[in-house]
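Take a look at the structure below.
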Amino acid sequence: MNDAVLLRLAADAAARQRARGEARVRFARAGARSAPERVFETGGLRLRFPRSEAECEAVLVNTGGGMAGGDCATIEIAVGANARAFVTTQSAEKIYRCDGEPARVETRLAVEPGGSLVWAPQETLLFERAALTRRLDADLAADASLTIFEAAVFGRLASGETDVAARLADRWRVRRGGRLIFAEALRLEDAAATLDRPAVGAGARAIATILCAAPDAEAQAPNLRAALEAVAAEPGDRLDVGASGFDGMAVARVVSPSPSRLRAALIAAMLALRGREAPRVWS
């Protein structure tokens, strides 16, 4: 067997070893409660439902313990008419070193009339030379509500890993009634070097975006801003925050050199927007 054949077989074997996970769930109204109506899981992704009250809580678990180059995760969450759901993750998602193809995460969210969804995964932690491509697509009915908390941390800072040459490409598209209302794309080729720039992150290693699209979202923007600014005013590492309301949305940005400070800001924002504490897995 010649070298070319051996190389091709080795490449094929490596490709077959890449993890492919998919989790799909649809929530429906069941009397005064909301509950999972359909659940599909394959690969290393699992869904758990610790409690089911008026708002159904779901926790996404990656049994693989993280993602490496070439791994792919697909997440689909649908909320039926007048149902309410809060979906988070068991822990921070770890993205390990990648020598070729990036890890990929595709998230699709759909909320029907009168429905409400909070998509609040815990932080994504990118290690040295990690590479991640994410895509989020959301479709909302005219009177539906969607709140997204998405955070990323660059490096295991407690272990001294502060100058992380990680890559992140993140694309969001949110539509209400078929009309595009929010679109953005983020691309960091060398995370630490880019975030060190004064006009970008001024040394930040933790970043987050909060998006609330709801009939009362613009009215909630002042409360969201006040909650974030209260955390920023507390003693500790620098925390830069900003929030505004427009076109039926409230959008906030949070950056800090400290992941714990950023996490405290996200928890305060959850309380401000939802009127209740963050789920237990965030403790």
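Could you list which residues have their amide H under 5 Å from that of ARG175, counting only those 5 or more apart in sequence or on another chain, with H placed in the peptide plane? Correct list: ALA138, ASP139, LEU140, ILE181. In sequence order, segment 79-84 has phi-based couplings of 10, x, 4, 6, 8, 9 Hz under the Karplus curve 6.51 cos²θ - 1.76 cosθ + 1.60, θ = phi - 60°, and Gly or Pro positions carry x.
Let me know the shape class of segment 84-180, please: from the alpha-carbon gyration tensor, a ≥ b ≥ c as square roots of the eigenvalues, rounded when a/c is under 1.5, otherwise prolate if a/b is greater than b/c, or oblate. Note, shape of segment 84-180 comes out prolate.
Of the options (i) 1.33; (ii) 0.93; (iii) 1.03, only one is Cα Rg over 2.2 N^0.38 Å as computed from these coordinates, and that is (iii). Length gained on full extension, ARG48 to ARG175: 42.9 nm, using 0.36 nm per residue less the C-alpha separation. Its relative contact order, with pairs defined as Cα atoms under 8 Å and 6+ residues apart, puts segment 129-283 at 21 percent.
What list of ³J(HN,Hα) values in whole Hz, one per residue of segment 237-246 in order, does the Karplus curve 6.51 cos²θ - 1.76 cosθ + 1.60 (θ = phi - 60°) give from phi, with Gly and Pro shown as x? Once rounded to whole Hz, the list reads 4, 4, 9, 9, 9, x, 8, 8, x, 6.
Peptide packing: for 131-139, 235-243, the average count of neighbouring Cβ atoms within 10 Å per residue gives the ranking 131-139, 235-243, highest mean first.
On full extension, the segment bounded by ALA233 and ARG187 gains 13.6 nm, given 0.36 nm per residue less the C-alpha separation. Comparing PRO222, ALA232, ALA23 along the charge dipole axis of the chain, the residue lying farthest to the positive side is ALA23, per the Cβ-charge model. Counting DSSP beta bridges in the chain, what percent are antiparallel, to the nearest 5? If I count the DSSP bridges inside the chain, around 45 percent turn out antiparallel.
A cut-off of 5 Å between modelled amide H atoms, ignoring neighbours fewer than 5 places along the same chain, links VAL164 with ALA192.
Couplings 3J(HN,Hα) for segment 125-137, derived from phi with the Karplus relation 6.51 cos²θ - 1.76 cosθ + 1.60 (θ = phi - 60°), are 9, 9, 7, 3, 6, 6, 9, 9, 10, 10, 9, 10, 10 Hz, where x marks Gly and Pro. Largest mean-square fluctuation among GLU161, GLU123, GLU229, in a Gaussian network model of the chain whose springs join Cα atoms under 10 Å apart, belongs to GLU161. Taking Cα centre as origin and charging only the Cβ of basic (Lys, Arg, +1) and acidic (Asp, Glu, -1) residues, the dipole magnitude of the chain rounds to 520 debye. Based on Cα contacts under 8 Å between residues 6+ apart, the chain shows a relative contact order of 11 percent. At an R0 of 30 angstrom, the distance between the Cβ atoms of PHE40 and ARG129 translates into a FRET efficiency of 0.35. When both segment 206-263 and segment 67-107 are represented by their alpha-carbon centers, they are found 23 Å apart.
Considering Cα pairs under 8 angstrom that are at least six residues apart, work out the relative contact order of segment 136-178 and quote it in whole percent.
Dividing the mean separation by the residue count of segment 136-178 yields 65 percent.
All of the numbers you see were taken from the coordinates with simple rules; none came from a lab. Here the structure is a predicted model, which means the values were calculated and not measured. Note: ideal-geometry Cβ built from the backbone for every residue, glycine included; neighbour counts use all protein chains shown.
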